[in-house]
Every structure is written in structure tokens, then in C-alpha cells.
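Report on the structure given below.
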Amino acid sequence: MAAGANGRCEGQGVNEHRGLRSTVWRGRTAWALSLALALGLSACGGGSSVPVVTEQALGEKPATTQAASRFLTQATFGPTASDIDRVNALGYEGWIEAQFNKPRASSYRATWEAADAAAKAIDPKSGVWQDGLINAIWKQALTGPDQLRQRTAYALSQLLVVSMQDGTVGDNPRGAASYADLLADRAFGNYRELLEAVALHPMMGVYLSHLKNQKASASTGRVPDENFAREVMQLFTIGLVALNTDGSVKTAGGQPIATYTPADVAGLARVFTGWSWACPDAPTASSCFFWGSNANKSDADRTIKPMVAYPAFHSPEEKRFLGTVIPAGTSAEASLKTALDTLFNHPNVGPFIGKQLIQRLVTSNPSPSYVATVVAAFNDNGSGVRGDMKAVVRAILMHPEAKLISTTSGKLREPVLKLSAMLRAFGATSTSGRFLFSKDDTDNPGTQLGQSPLYSPSVFNFFRPGYVPPGTLAAAQNMAVPEMQIAHETSVAGYVNFMLDVVQNGIGVSYSDKRDVQPNYTAEMAVAHEPATLVARMNTKLMYGTMPAALKTEIEAAVASVPITETNARLNRVKVAVFLTLISPEFQVQK
């Protein structure tokens, strides 16, 4: 049987797929193990921090294929054979530098525009809407050669969140695509420049409501909107509490020291007044400020151009925040520069942002020394430059702890990265060339992944960086497991059903009863008559040499239970092996 996207069994004939009975039987065991993971019973390790395996010194080439694969799980959307060969040839640092020098493979906005134009050429009333952007994101994640840029941009999208869950953002997918491009284009630039681009992007302006934010009015009682002012501090730069350079919390009298007060929020909110849509008649036309879509005052590119300042709506008062004073009468542009410079140079930015990037790429619980090394790179790239993202990414991936396997290292894979790793491992291709699967194919936690790119439920991302799952071994050791905030009984069962469906049928829209995106199992079918050899390929492609002996034995037995003489038996054996590997807790934890 094959579970459909809605979790129900789709008829392909019990006789045709009788070989997958073992999948269903063994899947119950794997489901129970996966559920245990979601409940925190395996807790991403949970023992002492004594290293089990350490890799070689920095700068050297990987000693094993396993080492190269582990590195690529951190730096890409999933290892492929060609990527592994490239890392083996160039070494870690050489591969990173090559990725830094690789240009953007494609623009999300350009891809969206081309697909939208093609749809409208057929039917002027149609379009690709939000799906066109999600298709573009998945296409680049699965096939783009600029993998390090793509993975870094994805990490940034979870720190500097804009979500198409918001109605206005969702109604402007071209603008959302432009925002995604912004993160990719600046992923290897300077964080100060990234911060300004984010602050002025109209989709961020819409999402955190500082677009059309007005100065105070004594007559109406209006005060500036504080939403962006609060979140640019809390989430994008300095966080809630003061941090040491190793990420530990500064205290006074036994209590954490707050980084800002309500007065700081109010003062900073004045900076973010007077900004609105780009418009031909800006900055003097109030119609542009309020109605960027007014037919007579419209700029067709207003959703992708940086916001502009309208002096008539900017707060002229003195602005005080974080020990900085901007004199009364200072322009919106000058006020913005001072505010962002103040935030960027705050000592908290390095540890606050650096630790979260480590969590998104490598491990949920980096040591203080790991954080301190990354912070040092943020504070000074070796040439006196602060905020160099290349230096930060390099420090994250080249730290000895990134090469360490211990009982507390690694992270729970978030759902998107589970799917991307599987599809890349088996060279998935798209019949349309556009990778036509969307939010509707991945978003439901009960029957699908429970996660879709750019669809965070709030500005706080899908999960919080400091989330400690209650009642678990992780909690007993005060270990954060952020991804477990979206792992529960429903989502774990949904993942199992979803992966069974994807393994068997592919994913996306159907063409002549074949879904658009299909994994390639040709190499695996060639060895399907040898269960041990087939499982060894799963170990190499999906577990990178870390599959425990007990799991190998269980999967081999399940594979062997499928009679090799049956029609499609080789393919069914492969699907059994792939499916059981994907739903094992050992695969779901990125070590």
C-alpha cells in the first residue's frame, strides 16, 4: 500500500505491492522509534559530552567519505556524490572558498517572473502566485550549484523572518521572492548591509508594520508603531538579555541583564516613521505614502524596491535608545543610519546571531568556545572588518567542534532538510524542470512535513533557538532541541506517511499518472538482490556511514522478506530500504 498526501492509502493493488507489507510491518516499529524521538526519549544524544569520533585537523581533506558527507550536511541541502568528490578534491577550506566565489545560480524573482509570464501567456487571468516562489526555492535547494549560499540564506530566512502566512506578503509573491533574493545575495556580504536592506524591504515593512508608520499626533493620540523597533532588537540584532562573547548570559544580582527597555523601543520606533512605498512622486506625495498601489501614483516595482522616506510623516522629535541620542530635526535617512549603526555595533550581535547560525547549520548546543570563535570572526574578520558573513560562515564550518561526533553534538533535522537530503541523495529530477510541489504538498503536520519554506507561523520562526522540550533527557541536561518544538505525535506520524508516499510515488503535480519530481533508484535496483549491499548504500547515501548495526540488521531482514522473483520486486526492495532508513531516529538526527 502507498500512503497518499492526505494520509489515506491509494490503490495500487495489494498484489503489485505485496513486497511492501514488510514496510508497513517494520514501519510500525520505526514509527514508534520516531515517536520516541519526538517525545525526547532519545534527545539528540543525552549522555556525557565525551567525544566518540573526531575528524582531522583544519584545512585538510576529509579522511573518509563519511567525513565529507557530514560536512556537507551542514553546508548544503544534502550531500550528493558529486559534492562529496568535490570536497575530497578541494578539502574543506578549498570547497568553502570555491562556494564563496560561485555566483548566484538563479534569482528567485526571475524564476517566478518567467513562470508567471508563461502562465499568463496561456491564460491572462492566471498566474503562478505563491506556488511559483516555492517551486523556485525547492529547485535551487535541490539542484543549485551554489549550495552554501542557498543553505546560508535559508538559515537567515529563519532569523530575519518574513512569512507568506501574512496576507499582504502572501498576496505579493513577487515581493516575497525579492526578499528571498535579498537574503541569498547578501548571505556572504556584511551583516550591517544586510540589516539595512532587510529594514527597508517593503515586505518586511508590511510584515512588521513599519511601512506607512507615522509620527506621533497629539490631536489624535497616535504614537509610532513599535513592532519593527522591538523585533529588530529582540530577533535581528541584540536579543533580550546581555551576552558574553561566548554566548553565556550576563547577570547582575543573579538575574539576567536586559538589553533594552520599553523606553528604548519607543525611542527607536520614532526612527522607523515616515518610510513607505517607492513611488514616482515620492517623497512629497501623501497619496504615495498611504496608497502605494494608487493607479495614478503607482510604481510597478514598489513591492521589490527599498522603501523611501517621506519627511512629512517622520518624527521630528529627539530619539533616545540604547544610550544613543539622535537630535531633534534629524532626517529619516540620517536617523536610520545612526540607529542601525548603533544596533550593529552592540556587543550582543556577534553572540546572538552567531550562536543561532551555528544552531541552524551544525549543532543545537555549541560549546562556549565554539560560540566565542564565531563571535571573534564576526567582530573582526582578520582585516579589521566587523560583520563579514564569509568570516562567520567559515568559522562555523571549520571549527573543530563541527567535525566532532559526541553524545551531545549535532541537531535534529528540521522537516525541510529531511526531504531535501533524501531528494538530493537519489538525484531527484523534475519532468517540468520547475519542481512543481508547493506548500500544499508539504505544510500539513498530520499528513505531510509540517513545514514549508517562507511560511513560518510568526516572526519567531517555526521554533525558538532556546527551546528545551519538557520532560525529556534533553531537558534533564538543559539541552536545547529547537526543532522539537514542531515535533509531536501528529507530526511524526504525518512524516512517516508522507515519506512512504514520496518514496513510492515522488512528489508534486502529476503528469500522466507520474508526479513531477521523481527520485532515481537505478543504482540501488542493481544491487537489490543483495540486502546487505543495498542497506550499505542507504548507510552511505543517507546516514553517511553512521548506521548502527542493529538498524542494518532490521532493514536487511525487511528487504529480504520481499521475494526477489515478484514483478517490481527489485524496486520494492529499494523502496523498503529507503523508507525505513528515512523514518529511523538515526537519520532524523544530524550528527
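The values are calculated or read from the model by the stated rules, or taken from the named source; none is laboratory data. What you are looking at is a predicted structure, and each value in this text was computed from that prediction instead of being measured. Please note: Cβ atoms are built from the backbone with ideal geometry, for glycine as well, and neighbour counts cover all protein chains shown. Note: areas computed on protein heavy atoms with side chains; ligands, DNA, RNA excluded. Shrake-Rupley method; radii C 1.70, N 1.55, O 1.52, S 1.80 Å.
Values as computed for the structure displayed
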| item | result |
| --- | --- |
| Leu412, sole failed condition from (1) closer than 20 Å to Ile137 by Cβ; (2) under 16 Å from the mean Cα position of the chain (by Cα) | (1) |
| Number of the exception - Asp146 against (1) open to solvent by 70 Å² or more (accessible area, probe 1.4 Å); (2) under 15 Å from Asp181 (Cβ atoms); (3) modelled with pLDDT of 95 or more | (1) |
| Filter pass, Ala569 being without any contact (Cβ under 8 Å) to a residue 60 or more places away in the chain and either over 24 Å from the mean Cα position of the chain (by Cα) or open to solvent by less than 10 Å² (accessible area, probe 1.4 Å) (or both) | no |
| Tally of residues being open to solvent by less than 40 Å² (accessible area, probe 1.4 Å) and either of a type outside the set (D, E, K, R) or part of a loop (DSSP other than H, G, I, E, B) (or both) across region 215-252 | 15 |
| Test: residue in region 99-108 that is open to solvent by 20 Å² or more (accessible area, probe 1.4 Å), under 22 Å from Leu404 (Cα atoms) and of a type in the set (A, V, I, L, M) | no |
| Boolean, Leu182 is within 19 Å of the chain's Cα centre (by Cα) and closer than 29 Å to Asn379 by Cα | yes |
| Residues located in region 546-565, provided they are open to solvent by less than 40 Å² (accessible area, probe 1.4 Å) and either under 31 Å from the mean Cα position of the chain (by Cα) or closer than 20 Å to Pro585 by Cβ (or both) | Met547, Leu551, Ile555, Ala558, Val559 |
| Residue list for region 334-348, restricted to those being over 26 Å from the mean Cα position of the chain (by Cα) and within 13 Å of Val232 (Cα to Cα) | Leu336, Ala339, Asp341, Thr342 |
| Ala199 being of a type outside the set (D, E, K, R), open to solvent by less than 30 Å² (accessible area, probe 1.4 Å), touching a helix residue (DSSP H, G or I) at 6+ places or on another chain (Cβ under 6 Å) and at pLDDT 95 or above | no |
| Any hit, region 155-170, residues being surrounded by fewer than 20 Cβ atoms within 10 Å (Cβ to Cβ), in contact (Cβ under 8 Å) with a residue 12 or more places away in the chain and on the phi > 0 side of the Ramachandran plot | no |
| Residue satisfying all of: in region 431-468; open to solvent by less than 20 Å² (accessible area, probe 1.4 Å) and touching a Leu at 6+ places or on another chain (Cβ under 8 Å); nearest to Asn135 (Cα to Cα) among these | Phe435 |
| Test result for Thr273, more than 20 Å from Asn172 (Cβ to Cβ), modelled with pLDDT of 90 or more, open to solvent by 70 Å² or more (accessible area, probe 1.4 Å) and in a loop (DSSP other than H, G, I, E, B) | no |
| Region 532-559 residues that are within 18 Å of Met422 (Cβ to Cβ), paired with ones that are of a type in the set (Ser, Thr, Tyr) and open to solvent by 50 Å² or more (accessible area, probe 1.4 Å) (beta carbon under 8 Å, 6 or more apart) | Asn539/Thr546; Thr540/Thr65; Tyr544/Thr65; Gly545/Thr64; Gly545/Thr65 |
| Unmet requirement for Ser452, which otherwise passes all of (1) in contact with a helix residue (DSSP H, G or I) (Cβ under 6 Å, 6 or more places away or on another chain); (2) modelled with pLDDT under 95 | (2) |
| Those residues of region 165-195 which are under 30 Å from His346 (Cβ atoms) and outside any helix (DSSP H, G or I), in sequence order | Gln165, Asp166, Arg186, Ala187, Phe188, Gly189, Asn190 |
| Considering residues of region 504-545 that are open to solvent by 60 Å² or more (accessible area, probe 1.4 Å) and in contact with a strand residue (DSSP E or B) (Cβ under 9 Å, 6 or more places away or on another chain) only, the residue nearest to Pro79 (Cα to Cα) | Asn520 |
| Residue in region 541-556 that is modelled with pLDDT under 95 and among the aromatic types (Phe, Trp, Tyr) present | yes |
| Among the candidates Asn572, Asn568, residue that is touching a Leu at 6+ places or on another chain (Cβ under 7 Å) and of a type outside the set (A, V, I, L, M) | Asn572 |
